[in-house]
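Colleague: Here's a structure for you.
The values are calculated or read from the model by the stated rules, or taken from the named source; none is laboratory data. None of the values given here were measured: they were computed from a predicted structure. Using ideal geometry, Cβ is built from the backbone for each residue, glycine included, and neighbour counts are taken over all protein chains shown. Each accessible area value is taken on the protein alone, full model and side chains, heavy atoms only, with ligands, DNA and RNA left out. Shrake-Rupley method; radii C 1.70, N 1.55, O 1.52, S 1.80 Å.
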Amino acid sequence: MYTDLIVPIKKGINELVEKQPEFSNLSKLNITRKLIKRGVMTITYGVTPWGISRQLLSEHFIKFDYKDNHNLYKPINGDLGKDVVLRHSDIYQLSFIIYNSLFEMHPSLNNIMIYFHQIVDLYNTLNIPIRWITPSGLTLDQKYLKFTKYDITNSIFKKRFKITLRRPEVKNNSVVINYNKQINAFVPNFIHSMDGSNIVLLIKSMQDKENIDIATIHDCFGSQANHADILARLVKESFISMYGDNRFIDRLHSYMMVTLKNLFKVKDGKVIVENNDEIIKLPIPSKPEVGKLDLVNQLRNSQYFIS
């Protein structure tokens, strides 16, 4: 996927330079798989174009001069071009192109990301935690709170010390949810919960089918060399059991609908809330359209899914 994105990213750069020639130095940059990989990989974990620009600056470019009110950067690695000089604004534009190229190539991914953000916005407006259930049956709540700071003074061996502590912020007798953290954290937390389910389902399938040793850390798996092929097959099968029929979105949406109906009145696809004699109707996001990738056959024949 990273290699496939090189061509549209180059196209995006050429279109930018044609419209805004002041970014012409970007066209001298050699776009490589290594340059774009981390940015593309972390988009689905919630990274923003600004975050991608920070990644690029920390890993691939070094500041070497300051001219005409601009910091100037050159590539750390010669593979990106020997005579390339970029401003901070150039790198920021590049990060936007990387970000947009992924969604342009995979529009169904954008549909899912928009859906996730709309769900979090709804839960934030209702001031309730986000709850979902994983394919392995684990129920999870995400509830980041706002905190206020306060100072206390203590005495130790006749010396006074001031200590700053934090406590949850309370409004109308309820703790206040941190909206920004809820939005930024949900997608990575959801993905990590699915990765955790992959491990649980893998171990369950091993108990039923194969008796081999296994070590796992997040999405890395290990076993003895003579069991590597068996392990790779079982990992693929557990992954297919979660995503192969695309019903994971259906199950997520259905569970969230049940949660909302248990707490509020829901009618005609809207949550009905009474607030100071005012009736507010909040629309519930529709399930997103997902892609038509034949994951079952593609994954079983994949050489690099487990490598």
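Colleague: Being open to solvent by 30 Å² or more (accessible area, probe 1.4 Å), part of a loop (DSSP other than H, G, I, E, B) and out of contact with any Phe, Trp or Tyr (no Cβ under 8 Å at 6 or more places or on another chain) is the filter here; which residues of segment 106-129 pass it?
Modeller: H106, N127
Colleague: Find all pairs meeting these conditions: Cβ atoms under 8 angstrom apart; at least six residues apart or on different chains; first residue within segment 149-169 and open to solvent by 100 Å² or more (accessible area, probe 1.4 Å); second residue among the hydrophobic types (A, V, I, L, M, F, W, C).
Modeller: Qualifying pairs under 8 Å: K149/L165; K162/I152; R166/F147; R167/F147.
Colleague: Would you check if there is a residue in segment 22-35 being under 30 Å from K181 (Cα atoms) and either in contact with a Leu (Cβ under 6 Å, 6 or more places away or on another chain) or open to solvent by 80 Å² or more (accessible area, probe 1.4 Å) (or both)?
Modeller: Looking for residues that are under 30 Å from K181 (Cα atoms) and either in contact with a Leu (Cβ under 6 Å, 6 or more places away or on another chain) or open to solvent by 80 Å² or more (accessible area, probe 1.4 Å) (or both), one finds at least one in segment 22-35, hence yes.
Colleague: Within segment 227-252, which residues are under 19 Å from G137 (Cα atoms) and open to solvent by 40 Å² or more (accessible area, probe 1.4 Å)?
Modeller: E237, F239, S241, Y243, D245, N246, R247, D250, R251
Colleague: Which members of segment 20-52 meet the condition of being part of a helix (DSSP H, G or I) and more than 20 Å from D83 (Cα to Cα)?
Modeller: K37, R38, G39, V40, M41, T42, I43, P49, W50, G51, I52
Colleague: If only one of N180, N184 is farther than 24 Å from Q298 by Cα, outside any strand (DSSP E or B), open to solvent by 30 Å² or more (accessible area, probe 1.4 Å) and touching a residue at least 60 places away in the same chain (Cβ under 8 Å), which one is it? Quick ask: steps written out before the conclusion?
Modeller: Working: N180 fails: touching a residue at least 60 places away in the same chain (Cβ under 8 Å).
Being farther than 24 Å from Q298 by Cα, outside any strand (DSSP E or B), open to solvent by 30 Å² or more (accessible area, probe 1.4 Å) and touching a residue at least 60 places away in the same chain (Cβ under 8 Å) holds for just one of N180, N184, which is N184.
Colleague: Looking at segment 265-286, which of the residues that are loosely packed, with under 14 Cβ neighbours inside 10 Å and charged (D, E, K, R) is farthest from Q118 (Cα to Cα)?
Modeller: So the residue we want is D277.
Colleague: Something else about it: Which is open to solvent by 70 Å² or more (accessible area, probe 1.4 Å) and within 17 Å of P188 (Cβ to Cβ), of W50, W132? Can you show your working first?
Modeller: Numbers: W132 fails: open to solvent by 70 Å² or more (accessible area, probe 1.4 Å).
Going through W50, W132 in turn, just one is open to solvent by 70 Å² or more (accessible area, probe 1.4 Å) and within 17 Å of P188 (Cβ to Cβ): W50.
Colleague: Go through segment 73-102 residue by residue and tally those that are without any contact (Cβ under 8 Å) to a residue 40 or more places away in the chain and either within 30 Å of Q182 (Cβ to Cβ) or among the hydrophobic types (A, V, I, L, M, F, W, C) (or both).
Modeller: Within segment 73-102, residues that are without any contact (Cβ under 8 Å) to a residue 40 or more places away in the chain and either within 30 Å of Q182 (Cβ to Cβ) or among the hydrophobic types (A, V, I, L, M, F, W, C) (or both) number 2.
Colleague: Would you check if there is a residue in segment 75-93 being of a type outside the set (D, E), in a helix (DSSP H, G or I) and under 20 Å from the mean Cα position of the chain (by Cα)?
Modeller: Our first condition is that a residue be of a type outside the set (D, E); within segment 75-93, this holds for 75-78, 80-82, 84-89, 91-93.
From the residues that got through so far, the ones that are in a helix (DSSP H, G or I) too are 78, 80, 88-89, 91-93.
Next, only the ones that are under 20 Å from the mean Cα position of the chain (by Cα) stay: 92.
Looking for residues that are of a type outside the set (D, E), in a helix (DSSP H, G or I) and under 20 Å from the mean Cα position of the chain (by Cα), one finds at least one in segment 75-93, hence yes.
Colleague: So T139 ticks every box in (1) without any contact (Cβ under 8 Å) to a residue 40 or more places away in the chain; (2) in contact with a helix residue (DSSP H, G or I) (Cβ under 7 Å, 6 or more places away or on another chain) but one. Which box is left unticked?
Modeller: (2)
Colleague: The conditions are (1) in contact with a helix residue (DSSP H, G or I) (Cβ under 6 Å, 6 or more places away or on another chain); (2) hydroxyl-bearing (S, T, Y); (3) open to solvent by 30 Å² or more (accessible area, probe 1.4 Å), and S58 fails exactly one of them. Which is it?
Modeller: Just one mismatch for S58, condition (1).
Colleague: So, one more: From the list L57, L72, which one is over 30 Å from I130 (Cα atoms) and either touching a Lys or Arg at 6+ places or on another chain (Cβ under 6 Å) or assigned to a helix (DSSP H, G or I) (or both)? If you could, list the steps in order and put the result at the bottom.
Modeller: Numbers: L72 fails: either touching a Lys or Arg at 6+ places or on another chain (Cβ under 6 Å) or assigned to a helix (DSSP H, G or I) (or both).
Step by step, each of L57, L72 is checked, and only L57 is over 30 Å from I130 (Cα atoms) and either touching a Lys or Arg at 6+ places or on another chain (Cβ under 6 Å) or assigned to a helix (DSSP H, G or I) (or both).
Colleague: Moving to a separate point now. When the residues of segment 86-122 are filtered to those that are among the small types (G, A, S) and in contact with a helix residue (DSSP H, G or I) (Cβ under 7 Å, 6 or more places away or on another chain), which remaining residue is modelled with the highest pLDDT?
Modeller: S95
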